[in-house]
Amino acid sequence: MRIEAGEPSPMPTDPVLAEASVALADGGHWGYVLDTDWRLAYVSDEIRQSFAGSGPLAPVLVDEIYFGSASLQTSTEWRFPPIWRSSFSQFGPNMLADYGGDHAKLRQRIDPSLHDLVDQLQPRHRHIATFSGAATGIGSAPATVVSTLIRLRDESGEQRGTVIISKPAPGMFSIAAMAVQQDLDHLDRMKQVMNADRRSTAILFADLEASSPLSRRLSTAAYFALNRRLVKATDYAILQAGGLVGRHVGDGVVAFFPAVSFSSESAAARACIEAARKIQSGMQDVAERSGLNSSDVVMRFGLHWGSAPYIGGITTGARTEVTALGDEINEAARIEASATGGRTLASKQLIERLTRADATAVDIETEHVTYTQLAELHSATEKARRDAPSIAVCEL
């Protein structure tokens, strides 16, 4: 039976297999439940999501042999399919044991691409076993996965199937250390935009004013501590407003508020403005904790609306981040660079996205706002006059 993309995995009818499946689902595990013939009875939604990437849950087959031709064929529809040969080398000995050590029977059940591995296997009769290997191709390189295989038995002791629980190779201390430092809602918002595409979004650029003189005045250690506090404060404000933290460059930060993450374009624009104000108000604490005056830690802001920038995720061996490209991204940078004196400049495109209710919530009377073309500002940079002279902005 095929479970289509996006459909949740149904629970098996067998009570023993169903109990194991519920445990996998409730625990949020990567895992499979198989019957005694190694037919898939359940595939956890978590592992289906990992195979699919940022798209809907990957389609799967249940009531089919795990390493059978139909299962391998279905996996060609996944973005990150298992490395089947590596997986079969790990699980094959247990599968062979369940087939009574009959190599011919095992060969008959599995896909022909795995036949050459069968004669290398010896039956493994252990009731629980843990092994690791390159089990899935998540990202640009194979990911090492640790799997624990546990035999399932009913109350009489009769074997009823097998459960396989998998996890990334790092120990739980390392995984927990990474997880507790991440905002889970932010990770969910990142998943919404990991597949690069054109998306309407509010854009925030912020940078520390007069950072060069400050860096020369402070010791390197003190300036590093200041930057660490600055990054934490800006990220916290963006997360609280429901935004996506982009790249940190020097003393600056870029953030995005895609309309897809909010109830409307107006809500996204409002969140962008609220984030800028939260960052601004947080600078007092950053200054005090750094032993500086509030006038030493001043941020300037450029807020803009992008109707169709290209937004998506970039994942490498070192990090995962969201970035965006397009003319409106460059325009937002020019607005920010022109907001000297710790000002917040917002474009007309952003302000006029606000409904009356959202404008009132951020204390802006949109009908009374007047705008100035960027090139007409005395603080406009040379790049702003060259690249975005006609962008209309107001000071918030």
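The values are calculated or read from the model by the stated rules, or taken from the named source; none is laboratory data. Predicted, not measured: the structure shown is a model, and the values here were computed from it. Every residue, glycine among them, receives a Cβ derived from its backbone with ideal geometry; neighbour counts consider all protein chains shown.
Close contacts from segment 259-277, counting a first residue that is part of a helix (DSSP H, G or I) and a second that is charged (D, E, K, R), with Cβ to Cβ under 6 Å and a gap of 6+ residues or different chains, come to A259/E265; S261/R189; E265/R353; S266/R353; S266/D358; A269/R353; R270/D358.
Being assigned by TED's automatic domain parsing to the domain that holds R153, crowded, with 17+ Cβ neighbours inside 10 Å and either charged (D, E, K, R) or touching a residue at least 12 places away in the same chain (Cβ under 8 Å) (or both) is the requirement here; does G68 meet it? So G68 fits the description; yes. Regarding S261, is this residue more than 22 Å from F224 (Cβ to Cβ), hydroxyl-bearing (S, T, Y) and within 24 Å of the chain's Cα centre (by Cα)? For S261, the condition - more than 22 Å from F224 (Cβ to Cβ), hydroxyl-bearing (S, T, Y) and within 24 Å of the chain's Cα centre (by Cα) - is met. The residues of segment 378-395 that are surrounded by fewer than 20 Cβ atoms within 10 Å (Cβ to Cβ) and within 21 Å of E328 (Cβ to Cβ), listed by number, are S379, T381, E382, K383, R385, R386, D387, P389, S390, A392, C394, E395.
Of the residues R39, R48, R79, which single one is in contact (Cβ under 8 Å) with a residue 12 or more places away in the chain, assigned by TED's automatic domain parsing to the domain that holds I128, touching an Asp or Glu at 6+ places or on another chain (Cβ under 6 Å) and not polar (S, T, N, Q)?
Matching residue, one of R39, R48, R79: R39.
All conditions in (1) loosely packed, with under 15 Cβ neighbours inside 10 Å; (2) more than 20 Å from F205 (Cα to Cα); (3) modelled with pLDDT under 95; (4) not basic (K, R) hold for I314, with the sole exception of (2). Checking the structure you have, find out if any residue of segment 300-312 is under 16 Å from V245 (Cα atoms), over 25 Å from the mean Cα position of the chain (by Cα) and either without any contact (Cβ under 8 Å) to a residue 24 or more places away in the chain or not in a helix (DSSP H, G or I) (or both). Yes; the residues of segment 300-312 include at least one that is under 16 Å from V245 (Cα atoms), over 25 Å from the mean Cα position of the chain (by Cα) and either without any contact (Cβ under 8 Å) to a residue 24 or more places away in the chain or not in a helix (DSSP H, G or I) (or both). For D235, the requirement of being touching a residue at least 40 places away in the same chain (Cβ under 8 Å) and either in the same structural domain as S347 (by TED's automatic domain parsing) or more than 30 Å from G55 (Cβ to Cβ) (or both) is not met.
Take I83 and tell me if it is within 30 Å of the chain's Cα centre (by Cα) and crowded, with 18+ Cβ neighbours inside 10 Å. In short, no. For R343, indicate whether it is surrounded by 15 or more Cβ atoms within 10 Å (Cβ to Cβ), in contact with a helix residue (DSSP H, G or I) (Cβ under 6 Å, 6 or more places away or on another chain) and charged (D, E, K, R). Judged against the criteria, R343 is not a match. Residues in segment 88-109 that are of a type in the set (S, T, Y) and assigned to a loop (DSSP other than H, G, I, E, B): Y99 only.
Apart from one condition, S264 fits all of (1) buried (at least 20 other Cβ atoms within 10 Å of the Cβ); (2) at pLDDT 95 or above; the exception is (1).
Of the residues that make up segment 290-299, is at least one under 29 Å from the mean Cα position of the chain (by Cα), assigned by TED's automatic domain parsing to the domain that holds T201 and either surrounded by 20 or more Cβ atoms within 10 Å (Cβ to Cβ) or not in a loop (DSSP other than H, G, I, E, B) (or both)? Yes. Consider segment 40-50 and keep the residues that are of a type in the set (G, A, S) and outside any strand (DSSP E or B). The one that is modelled with the highest pLDDT is S44.
Just a yes or no: is a residue in segment 145-167 at pLDDT 80 or above, under 18 Å from T315 (Cα atoms) and either among the acidic types (D, E) or touching a helix residue (DSSP H, G or I) at 6+ places or on another chain (Cβ under 8 Å) (or both)? No, segment 145-167 contains no residue that is at pLDDT 80 or above, under 18 Å from T315 (Cα atoms) and either among the acidic types (D, E) or touching a helix residue (DSSP H, G or I) at 6+ places or on another chain (Cβ under 8 Å) (or both).
Quick one: which residue in A202, A237 is under 30 Å from S307 (Cβ atoms), in a helix (DSSP H, G or I) and in contact with an Asp or Glu (Cβ under 9 Å, 6 or more places away or on another chain)?
Going through A202, A237 in turn, just one is under 30 Å from S307 (Cβ atoms), in a helix (DSSP H, G or I) and in contact with an Asp or Glu (Cβ under 9 Å, 6 or more places away or on another chain): A237.
Quick check on my filter: what residues within segment 1-39 are of a type outside the set (F, W, Y), at pLDDT below 95, assigned to a strand (DSSP E or B) and crowded, with 22+ Cβ neighbours inside 10 Å? Answer for segment 1-39, where residues must be of a type outside the set (F, W, Y), at pLDDT below 95, assigned to a strand (DSSP E or B) and crowded, with 22+ Cβ neighbours inside 10 Å: just G31. Under the condition of being under 18 Å from P10 (Cα atoms) and in contact with a helix residue (DSSP H, G or I) (Cβ under 6 Å, 6 or more places away or on another chain), the residues counted in segment 61-77 number 3. Considering G246, G252, G242, the condition of being at positive phi and assigned by TED's automatic domain parsing to the domain that holds I335 is satisfied by G242 alone.
The residues of segment 110-139 that are touching a Ser or Thr at 6+ places or on another chain (Cβ under 8 Å), outside any strand (DSSP E or B) and at pLDDT below 90, listed by number, are I138, G139.
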